[in-house]
1. Could you figure out which of (1) of a type in the set (A, V, I, L, M); (2) farther than 22 Å from His54 by Cα; (3) buried (at least 16 other Cβ atoms within 10 Å of the Cβ) isn't true of Ala130?
2. Can you give me the number of residues within the range 22-54 that are farther than 20 Å from Leu154 by Cα, crowded, with 20+ Cβ neighbours inside 10 Å and under 14 Å from the mean Cα position of the chain (by Cα)?
3. Filter the range 8-18 down to residues that are in contact (Cβ under 8 Å) with a residue 60 or more places away in the chain and under 26 Å from Lys157 (Cβ atoms) and give me whichever is surrounded by the fewest Cβ atoms within 10 Å (Cβ to Cβ).
4. So if I check each of Gly61, Gly41, Gly46, Gly36, which one is touching a residue at least 40 places away in the same chain (Cβ under 8 Å) and out of contact with any strand residue (DSSP E or B) (no Cβ under 8 Å at 6 or more places or on another chain)?
5. Kindly indicate which of Val106, Val117 is under 17 Å from Leu145 (Cα atoms) and surrounded by 13 or more Cβ atoms within 10 Å (Cβ to Cβ).
6. In the range 55-89, which residues are of a type in the set (Val, Ile, Thr) and either surrounded by 16 or more Cβ atoms within 10 Å (Cβ to Cβ) or in a strand (DSSP E or B) (or both)?
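We did not get these values from a lab; they are worked out from the coordinates using the rules stated. Remember, it's a predicted structure, so these values are computed and weren't measured experimentally. Ideal geometry is used to build each Cβ from the backbone, glycine not excepted, and the neighbour counts take in all protein chains shown.
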Amino acid sequence: MQIFVDPAGWVKAKGQKWRCALGRSGVRVDKVEGDGATPAGIWRLGRVFYRPDHLSAPATGLTVLALEPHWAWCDDASHADYNRLIFLPHPGRHEALWREDGLYDVVVEIHYNTDPVQQGRGSAIFMHVAKPNYGPTEGCIALNLSDLLDLLRLCNKEASLVIPA
């Protein structure tokens, strides 16, 4: 299944369409760490993480894992764990997955810069919950929680994002 991401701020799949937010720097082919861009390309979806204290496990054909407070994602390009799930405490710079603002109540791993991981090419690219005003992300794709859950119901293990430049 392919999910099309329109750089104008829409996600489309199986005849349905949802509003989304993208990176503050738009969509780029030459993404690098910290540039705020959403990476152009075709990227498989990976694991779905959710806050079990905020909602039930999402219905989806993807692998679903309940987040734990000590889980994070390494965004330290100088560390061997760069662009990987890590457990706190951790010596490298990282992004906590257990957030109080609700943006990571549901987080979908996007397999960008994963096989192989290239230092400095960008990390922690996810689909997650949008800010109420759909403000820009740091490079992720963000949807309203209800829309994200609807999209996940359509996904199977072959699901991929198509993000044109």
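1. For Ala130, the failing item is (2).
2. Number satisfying all stated conditions: 5.
3. Out of the qualifying residues, it is Lys14.
4. Just one listed residue meets the conditions, Gly61.
5. After applying the criteria, what remains is Val106.
6. Listed by number, the residues that qualify are Thr60, Val64, Ile86.
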